[in-house]
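Single-structure report; data block below.
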Amino acid sequence: MSGSAATAPGSVAVIGAGAGLSAAVARLFAREGHPVTLGARNPDKLADLCAETGAQALACDAVDPDAVDRFFDAVAAAQGVPEVVVFNPSARSRGPVAELDREAVRHSLMVSCYAGFLVGQRAARDMLAAGRGSILFTGASASVKGFAQSAPFAMGKFGLRGLAQSMARELAPKNIHVAHFVIDGGIGRPNPDPREGRGGPDSQLDPDAIAAAYLFAHRQPRSAWTWEFELRPWTESF
């Protein structure tokens, strides 16, 4: 865990919140006593999750520097500087590289990578002043291998991984744990299509299990921090 003294659980900010992994993260950290703030472009969609967890939901367009600053200012004013920041947004545009829409590619890079920089930079500024914290980035298989007809997603996720690695090396000596998660496989949905899971039990990543890994990362003793985790179902080849 960042720091060594036992204190009350600090606040958690989850950016790019939705009904899947982000919701699992919010539920787990809330159960562990952390005040949780959820950031999304449309916070109204999070009303049920807020009612369930006691979280607050705020508007946050993660590609807008001013919106990111407003979000972090509001979190700090209501719950203190976040002890944990989880970055979860991503965007895809698929197709043959010769036919990709250039604006769609730009959007993918902005959401998957540049937004990670904006959130990571602001989190780092606040945590440096506080002297502790964990910044957790959600990656994907595309963080380490570019698939055919998926160049924009690979570019964004490769960039996010590079950001996380650089930040981890810079900030670890300052008591800020930066970790990147390679989510290598499909994440199960709250209400899955009956055709999903055809690979057998646990053939998709359980969002609650991923959330548990995020909590574990935050609680790692700083004498043995990990900067990257690879998570995949036991049936997934790699």
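The values are calculated or read from the model by the stated rules, or taken from the named source; none is laboratory data. Keep in mind the model is a prediction, meaning the values are calculated, not measured. Cβ: placed from backbone, ideal geometry, glycine included. Neighbour counts: every protein chain shown. Protein only, heavy atoms only, side chains kept; ligands, DNA and RNA dropped before computing areas. Shrake-Rupley method; radii C 1.70, N 1.55, O 1.52, S 1.80 Å.
Observations, loosely collected:
- Sequence-distant lysines (8 or more away, or on other chains) whose Cα lies within less than 28 Å of LYS45: LYS157
- Each Lys or Arg adds one and each Asp or Glu takes one away; over the other residues whose Cβ falls under 14 Å from the Cβ of ALA104, this sums to +1.
- Using a probe of 1.4 Å, the accessible surface attributed to MET155 totals some 90 Å² when neighbouring protein chains are kept in position.
- Note on GLN220 and ARG41: the model spin-label points, each 7 Å out from Cα along the C-beta direction, lie 3.2 nm apart.
- Sorting PHE71, PHE147 on solvent-accessible area from highest to lowest, probe radius 1.4 Å, gives PHE147, PHE71.
- Average projection area in nm² (convex hull over Cα atoms of the chain, one quarter of hull surface): 13.2 nm²
- The range 43-94: C-alpha pair distances exceeding 19 Å, %: 36 percent
- Using θ = phi - 60° and Karplus 6.51 cos²θ - 1.76 cosθ + 1.60, couplings along the range 151-158 (whole Hz; Gly, Pro as x): 4, x, 5, 4, 4, x, 6, 4
- Cα Rg, Dmax, the range 44-171, angstrom units: 16.0, 48
- For the range 118-238, the Cβ-based charge dipole about the Cα centre amounts to some 460 debye (Lys, Arg positive; Asp, Glu negative; other atoms uncharged).
- Most to least packed among 79-85, 7-13, 215-221, 169-175 [average Cβ atoms within 10 Å]: 79-85, 7-13, 215-221, 169-175
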